[in-house]
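The values are calculated or read from the model by the stated rules, or taken from the named source; none is laboratory data. Fair warning: this is a prediction, and the values are worked out from it, not measured in the lab. Glycine also receives a Cβ, built like all others from the backbone with ideal geometry; neighbour counts cover every protein chain displayed. The accessibility values were calculated without ligands, DNA or RNA, using every heavy atom of the protein model including side chains. Shrake-Rupley method; radii C 1.70, N 1.55, O 1.52, S 1.80 Å.
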Amino acid sequence: MTDKALAGRLALVTGASRGIGAETAKALARAGAHVVLTARTAGGLEEVEDAIFAEGGAATIAPVDFNEPEAAARLATALASRWDKLDILVLNAATLGTLGAVPAIDPKELARVLTLNVSAQAALIAAFDPMLRRAAAARVIGLTSSVARSPRAYWGEYGASKAAFEVLLAAYGQEMVNISKVRTAIIDPGATRTKMRARAYPGEDPASVKPPEVVGARIAQLLIEDFEPGHFERVEG
């Protein structure tokens, strides 16, 4: 017997080598989930895995570059060879791109941003849909930004990618609601102390915004409490 609320659950967290992804993975592991950690490089993933092991948790690392066309499908095949189902999918990996006026957007960079922030997310949903449907009550959480719903000058590239991602995930959730137990939620982490935030606001005092642990803990708690289909919230702190 265990008092860990997510014991026996398998979770996959993308962008888990640092920041919100890393802290979400740690929080899920503390709650008893076995967490599969993915990001492009192994070094950061190994540090997160070590931290989870040090707290008595369970994790598996899977370095993956989701800019590669077949990356999501290969990852899903690898996980399906070991586990039958996926209980939790946290879609956190994203890239900021360059902040600038819309007329100055570089089409090649825009394509790269849309590949990771939108196309790769669609590929992940498609690749893991069978494993999610086999779970008793699968939950998919996507991380967004306030600029997806409130356009801001010079944030057009990133904001457009996050708006597209929100529509994609919300549509998937609506498709699932009457035919499966898969449910989706969108989380806006708000101002959080991450490397992406530091790039966007280079003059900001990092101590003036909340640490990523706050967001990770809230995501874990949301999964423990559960949520209604199409849930959205912004994490304050």
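Among the residues of segment 104-115, not a single one is open to solvent by less than 30 Å² (accessible area, probe 1.4 Å) and either at positive phi or touching a Lys or Arg at 6+ places or on another chain (Cβ under 8 Å) (or both). If the requirement is being over 28 Å from SER161 (Cβ atoms), part of a loop (DSSP other than H, G, I, E, B) and open to solvent by less than 40 Å² (accessible area, probe 1.4 Å), which of these qualifies: GLY56, GLY32, GLY100? Being over 28 Å from SER161 (Cβ atoms), part of a loop (DSSP other than H, G, I, E, B) and open to solvent by less than 40 Å² (accessible area, probe 1.4 Å) holds for just one of GLY56, GLY32, GLY100, which is GLY32. Could you list, in sequence order, the residues of segment 194-225 that are closer than 22 Å to PHE165 by Cα and either in a loop (DSSP other than H, G, I, E, B) or hydroxyl-bearing (Ser, Thr, Tyr) (or both)? The answer is THR194, and nothing else.
All conditions in (1) surrounded by fewer than 18 Cβ atoms within 10 Å (Cβ to Cβ); (2) closer than 24 Å to LEU169 by Cα; (3) touching a residue at least 12 places away in the same chain (Cβ under 8 Å) hold for GLU225, with the sole exception of (3). Does segment 213-228 contain any residue that is at pLDDT 95 or above and within 20 Å of ARG112 (Cα to Cα)? No, that holds for no residue.
Do we find a residue being open to solvent by less than 40 Å² (accessible area, probe 1.4 Å), in a loop (DSSP other than H, G, I, E, B) and under 30 Å from TYR201 (Cα atoms) anywhere in segment 70-93? Yes, segment 70-93 has at least one match. Filtering segment 145-184 to residues that are part of a loop (DSSP other than H, G, I, E, B), more than 14 Å from ALA94 (Cα to Cα) and open to solvent by less than 40 Å² (accessible area, probe 1.4 Å) leaves TRP155, SER180, VAL182. With respect to being open to solvent by 70 Å² or more (accessible area, probe 1.4 Å) and either in contact with a strand residue (DSSP E or B) (Cβ under 9 Å, 6 or more places away or on another chain) or within 20 Å of ALA126 (Cα to Cα) (or both), GLU213 falls outside the description.
Looking only at residues of segment 59-69 that are open to solvent by 50 Å² or more (accessible area, probe 1.4 Å) and not acidic (Asp, Glu), we find that the one that is nearest to LEU6 (Cα to Cα) is PRO63.
The residue list ARG218, ARG234 contains one member that is basic (Lys, Arg), under 15 Å from GLY142 (Cβ atoms), under 15 Å from the mean Cα position of the chain (by Cα) and open to solvent by less than 80 Å² (accessible area, probe 1.4 Å), which is ARG218.
Among the conditions (1) in contact (Cβ under 8 Å) with a residue 40 or more places away in the chain; (2) touching a strand residue (DSSP E or B) at 6+ places or on another chain (Cβ under 6 Å), VAL48 misses just one, which is (1). Among the residues of segment 192-210, the ones that are over 16 Å from the mean Cα position of the chain (by Cα) and either within 24 Å of LEU6 (Cβ to Cβ) or open to solvent by less than 40 Å² (accessible area, probe 1.4 Å) (or both) come to 3 in all.
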